[in-house]
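Each remark here refers to the structure printed beneath this line.
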Amino acid sequence: MTTNRLKLLLLVVSLMGLCAAPLLISDPTFIHILIYTFFFAYFAAAWNIVGSYAGQPSLGHAIFFGIGGYTSSILFINYGISPWIGMFVGAILAALAALALGFPTFRVRGPFFAFITLAFTLLISLLFVYFHDYTGGATGLPVPLKGDAPHLFQFNSKLPYYYIILAFFCVIMYVTYRLERSKFGYYLLAIREDEDAARSVGVHVFKYKLMAAALSGFFTALLGTFYTQYTRFIDPHEAFGLWRTFQPMLISVLGGPGLWGPLIGAAILTPINESILMFLGGRYATVGMMIYGLVVMLIMLFMPSGIVGVLKRFTRALQARSA
Amino acid sequence: MQELLGQIFVQGLMVGGIYVLAAAGLTLIAGVMKIINIAHGELMMLAMYTTYFLYTLFGLDPLLSVVVTLPLFFAIGCFLQRFCIERLIKGPPMSVIIFASGLIFFAQNLAATLWTQDFKVLRGYTTITFELFGLRLTSTRLAILFLAIIVTVLLYILLSKTKIGRAIRATSQNVESAQLMGVNVGLVRVLSFGLGVALAGLAGTLLMTIYYLYPAVGTPFGVVALIVVFLGGAGSVFGALIGGLALGIVEAFTGFYLALELKDIAAYIAFIIILLLRPWGLFGRKE
C-alpha cells in the first residue's frame, strides 16, 4: 500500500515538474525537443498496442498517422472544419482503416505480417500521390496560417503544443496502463506468446487482433493531426515515408517492452536526433538516421530486451549484492 | 494492335525476369530458414550502386560486373548469416524482422549519405536494339530474361540433384532430423543465406541496366519479391519463376491500360485478393 502511494506521489511530482519545465527554461529549442520527445513516446506507445502487446510487428502505422494528418487538413482546407473535430473524424477513419487492413493482413503471421504491412504502406502512399486533386499529390498540403487561433488548433508559441502533446501522452499511458490490467490485455499477451495455444483455450485470436489494431490506429491518427498542426504541413513523404514507417518500432525496441519503454526510448533518441539535425543541418540528417539503423541492429544483437531489460538486469544485480 | 500487345507482353516478361531472380533468392532463404529477409530489396540496391560505380569509375560493363557482385554479395550473405542471423534466430521471435528493419534503414541512409538522393543512370551505356518476329527487343533486356531462366534452372538442379542441395532441402523440411542424418545445419544455413543474397546481388546488377538508381529504389522490388514468394510458396524455385513472370506481365498491362503510376498498385491488389481467397499462397499448401 505504501509503495503504491509512493509511486502515485512520484507520478504526480514528475508530472508537475514536466508542466513547469518549459516555464523555467523557456528556450524554444528546449521546448521543441520536449515536444518531440513526447511525440515519439506517444507514437511508440500507440504502436505498442499492436506491435508489443499483441506481438504483431506492424510496419503499417504510418498509414494511420497519414490518415489522421490528411483528414483533418483536408476537412479544414476544403470545408473550414476545425482540426479539433477533424482530428476525431480522422481517428475514426483510421480505426476503420485498421479493421479493413487487418482483415487480410492478420491472416498471415510474423515476418510475412511485417512485410505485408510495409507493402500496404507503399500502396497507400502511391494512392495518395495518384489522387492529387484531394491530397495535393507529391507536393503535399500546407495548412493555412490563421495566427493565434486555439479553436483551430493553431498557436503562435510552442508552449500550448507542448501541453497538448503532454496531455496526449498521459492519455495513451493511461490507456496502456488499463490495457495491461484488463482481460483484453491478457488475451493480447496470450496471442503474442503462443497464438495456437491461445486459440485452443478459446481466445478469439482474429477478433482481438482486429480490436487491438483499431485501438492502435485510432490513437496513431490523433498524433497525425497533432503533427500536421504543429508543422502546418503534410506530404506523402512525411506521412508514409520510411522514417515514419519505422519510427514507432525503432523507439519501442530501443526502449524495451512494457509501459515505460516508449518514454525511455524516446527520451534517448529524440535529443540525439534533434541535435544532429540542428548542428549538422539537413544535409547530414541521413547520418543520424543511419546511426539509428545501426543502433537498432546492434540492440537486437546484443540486448534484445531493450534499455528497460538492461536496467532491470542492473537493478536485479544491485539487489542481489545488497541482499 | 497485336504487335503492341506482344510488345507489352515481352516488356512484362523482362521486368518479370528481375522479379524472378530477386524472388529466387528470397524463397531459398524463406524455405531453408523459415525467415523472411525483408532487407532483400536493400541488398539489391547496394548491388546496383556497386554496378553503377564499377561502370562509371572503371568502365566495367554492367553485365560483366556480375563477376564482382555475385561473389561479393555471397560473402556479405554468409557474413550476415554467420554473425547476425544465427544469433537472432535464437532470440525473441521478432528479432530477425526488427534487425532487418534496422538494416533497411541503415542501408538506405548510408546510400543517401555517401551518394546523395540524386537519381543515377548508366550514362553512355548503349544496348543493341533488334527486331524479332516484329517485336523490338534490346540486348540487355533479353540477357536479363535468359539469365533469369538459366539461374532458375541451375538453382533447381543444385537443389534437386546435388548433395548440398539435398542437405538444404533436408534442413528446410526438418532441422533435427537433418542434424541426426549428419547434415551440418549451420553450414547449410550459411550457404543458403549466402546464395540468397548473391541472387539479390545478381538481380540488382541486372536491374541497373534497365532502371534508374536512388537510395530507396530497393524497397518496392523487395516487396514485389516477397509477393512472388508468397504466390509461389516459400522454398519453391519453380513457383518463383512462374510468379515473377506473371507479376511482370500483369504490371506491364496495368501500366498500359490504366495508368503508368498505377502499375505498381496492380501487383499489390492482385496480392491482396489472393491473400483473402487463399491465405496460404497460390501454390502453397494449406497447413
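Computed from the coordinates by the stated procedures, all read-outs in this text should not be read as laboratory data. All values derive from a computational prediction rather than experimental measurement. Positions of Cβ are backbone-derived with ideal geometry, glycine not excepted, and every protein chain shown enters the neighbour counts.
Please name whichever of B:V185, B:L158, B:I8 sits farthest to the positive end of the charge dipole of chain B, dipole taken about the Cα centre and charges placed at Cβ: Lys and Arg +1, Asp and Glu -1. The residue sitting farthest along the positive end of the dipole is B:V185.
What is the range B:16-218 by shape, rounded, prolate or oblate, if you read a ≥ b ≥ c off the alpha carbon gyration tensor as root eigenvalues and call it rounded for a/c under 1.5, prolate for a/b larger than b/c, and oblate otherwise? Intermediate values should be presented prior to the final figure.
Numbers: a/c = 2.51, a/b = 1.44, b/c = 1.74.
Here the range B:16-218 falls in the oblate category.
For the protein assembly as shown, what is the charge dipole size about the Cα centre, in debye to the nearest 20, if Lys and Arg each add +1 at the Cβ and Asp and Glu each add -1 at the Cβ? Here the protein assembly as shown has a charge dipole of around 1680 debye. Protection proxy ranking, highest mean first, for peptides B:107-119, B:212-224: B:212-224, B:107-119, where packing is the per-residue count of other beta-carbon atoms within 10 Å, averaged.
What is the packing order of peptides A:47-56, A:26-35, B:246-255, A:159-168, taking the mean over residues of other C-beta atoms within 10 Å and listing the highest first?
Values: A:47-56: 26.0, A:26-35: 15.7, B:246-255: 20.7, A:159-168: 17.2.
My ranking of the peptides, most packed first, is A:47-56, B:246-255, A:159-168, A:26-35.
Could you tell me which of A:Y284, A:F246, A:F155 has its Cα farthest along the dipole of chain A towards the positive end, charges placed at Cβ (Lys, Arg +1; Asp, Glu -1), taken about the Cα centre? Towards the positive end, the residue furthest out is A:F246.
Helix-only mean residue ellipticity at 222 nm, chain B, DSSP H runs n ≥ 4 weighted -39,500 (n - 2.57), per residue, nearest 500. What is it?
On the way: 11 runs with 204 residues, N = 287.
For chain B, the value works out to -24000 deg cm²/dmol.
Remark: mean inter-chain Cβ contacts per residue of B:266-276 equal 3, using a 10 Å Cβ-Cβ cutoff to other protein chain atoms.
Here each label is just a point 7 Å from Cα along the line to Cβ, and for A:K7 and A:I268 those points are 2.3 nm apart. A Förster radius of 51 Å combined with the Cβ-Cβ distance from A:Q319 to B:L258 puts the calculated FRET efficiency at roughly 0.20.
Coupling constants for the range A:203-212 follow from the phi torsions by the Karplus curve (6.51 cos²θ - 1.76 cosθ + 1.60, θ = phi - 60°), and in residue order they are 7, 7, 4, 4, 4, 6, 4, 5, 4, 4 Hz; glycine and proline get x. Of the two radii for the protein assembly as shown, the radius of gyration is 0.98 times the Kirkwood radius, both from the alpha carbons; that is the Rg over Rh value. The Rg/Rh ratio for the range A:27-254 is 0.98, where Rg is the radius of gyration of the alpha carbons and Rh is the Kirkwood radius.
Sorting A:7-14, A:245-252, B:188-195, B:60-67 by their mean Cβ neighbour count within 10 Å, with the most densely packed peptide first, gives A:245-252, B:188-195, B:60-67, A:7-14.
Dipole magnitude of chain A about its Cα centre, charges +1 at Lys/Arg Cβ and -1 at Asp/Glu Cβ only, in debye to the nearest 20? Numbers along the way, then the final one.
On the way: 20 positive and 11 negative charges, 183 e Å.
Once rounded to the nearest 20, the dipole reads 880 debye.
Return the FRET efficiency for the residue pair A:H237, B:R136: r is the Cβ-Cβ distance, R0 is 35 Å, and the value is rounded to the nearest 0.05. Walk me through the numbers on the way to the answer.
On the way: r = 36 Å, r/R0 = 1.04.
Result of the calculation: an efficiency of 0.45.
Taking amide H atoms as placed 1.01 Å from N in the peptide plane, the amide H of B:V217 has no partner under 5 Å among residues 5 or more positions away or on other chains. Could you tell me which residue out of B:L63, B:L199, B:Y214 lies farthest along the dipole of the range B:16-218 toward its positive end? Charges go on the beta carbon: Lys and Arg +1, Asp and Glu -1, centred on the Cα centre. My answer, from the dipole projection, is B:L199. The GNM of chain B, with springs linking C-alpha atoms under 10 angstrom apart, assigns the highest mean-square fluctuation among B:L26, B:L241, B:L80 to B:L80. Between the range A:42-90 and the range B:1-57, the alpha-carbon centres lie 34 Å apart. Taking the fewest neighbouring Cβ atoms within 10 Å as the starting point, the ordered list for B:I76, B:I97, B:I8 is B:I8, B:I76, B:I97. Near B:L63, no amide H atom lies under 5 Å from its own; only residues 5 or more places off or on other chains count, and H is placed 1.01 Å from N. Annotation for the range B:53-119: trypsin sites (Lys or Arg not before Pro) lying in DSSP loop with at most 13 further Cβ atoms inside 10 Å of their Cβ are B:K90. 3J(HN,Hα) couplings calculated from phi for the range B:210-216 with the Karplus curve 6.51 cos²θ - 1.76 cosθ + 1.60 (θ = phi - 60°) are, in sequence order, 10, 9, 9, 10, 7, x, 8 Hz; Gly and Pro show x.
Close amide H contacts of A:I234 (hydrogens built in the peptide plane, cut-off under 5 Å, sequence separation of 5 or more or a different chain): A:L141, A:V143.
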